[in-house]
1. Out of the residues in the stretch 88-127 meeting the condition of being hydroxyl-bearing (Ser, Thr, Tyr) and under 17 Å from Ala49 (Cα atoms), tell me which one is least open to solvent (accessible area, probe 1.4 Å).
2. For Ala39, are the conditions met, namely being among the small types (Gly, Ala, Ser), farther than 25 Å from Asn130 by Cβ, touching a Leu at 6+ places or on another chain (Cβ under 6 Å) and not in a loop (DSSP other than H, G, I, E, B)?
3. Residues of the stretch 110-145 being among the aliphatic types (A, V, I, L, M) and in contact (Cβ under 8 Å) with a residue 12 or more places away in the chain, which ones?
4. Every residue in the stretch 68-87 that is farther than 23 Å from Ala27 by Cα and either in contact with a Cys (Cβ under 8 Å, 6 or more places away or on another chain) or open to solvent by less than 50 Å² (accessible area, probe 1.4 Å) (or both), please.
5. Gly85 versus (1) in a loop (DSSP other than H, G, I, E, B); (2) modelled with pLDDT of 95 or more; (3) on the phi < 0 side of the Ramachandran plot: which is the lone unmet condition?
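The values are calculated or read from the model by the stated rules, or taken from the named source; none is laboratory data. These figures come from a predicted structure and were not determined experimentally. When we count neighbours, we look across all protein chains shown, and the Cβ atoms used for this are built from the backbone with ideal geometry, even at glycine. The area values use the complete protein model at the heavy-atom level, side chains included, leaving out ligands, DNA and RNA. Shrake-Rupley method; radii C 1.70, N 1.55, O 1.52, S 1.80 Å.
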Amino acid sequence: MTSENLLGLPPTLLPAEPGVADALARAVGYEVDEALADAVTRFPTSSLAWATLSDRAWSRREKVPAYAYARVGYHRGLDALRKAGWRGQGPVPWSHEPNRGVLLSLYMLRRAAEGIGETAEVDRLTEFLNGADPQAIARIEAGER
């Protein structure tokens, strides 16, 4: 896929998730601590919260829980995208900060799928991420959050 929006579809811009970033900021380190559990419980529709939970599990080499948490974030992200008018294609720019939770969930699911040997899913998610924003993978891997 190229970085051009060949379909001419407008970018999907998700609304901000008030309180999520603050709740996640209280979760320190790489443990699934009470603050992180509280953030996910208080904001169960937040892809960012689920992506963070997945990342924590991954950092502890817990591939299956990382996959499961990312899968929830992925589905919550699809729900949010559809609610915002997305119809299965078109840009979801990383530059719009509220979109990052969905893109992170896609990335975390892709990474965990690779970790459990789910090659077809890795390919599909790579295509999805590149279609949403061709720079997303590089920006996530560069540590942007």
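1. For the stretch 88-127, the residue satisfying everything is Ser105.
2. yes
3. Within the stretch 110-145, Ala112, Ala113, Ile116, Val122, Leu125, Leu129, Ala132, Ala136, Ile137, Ile140 qualify.
4. Residues satisfying the conditions are Leu78, Ala80, Leu81, Ala84, Gly85, Trp86.
5. Result: Gly85 fails condition (3) only.
To keep it simple, each residue is scored yes or no on (1) within 14 Å of Ala136 (Cβ to Cβ); (2) part of a loop (DSSP other than H, G, I, E, B); (3) open to solvent by less than 50 Å² (accessible area, probe 1.4 Å).
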site	(1), (2), (3)
Pro15	no, yes, no
Ala27	no, yes, yes
Thr52	no, no, yes
Ala66	no, no, yes
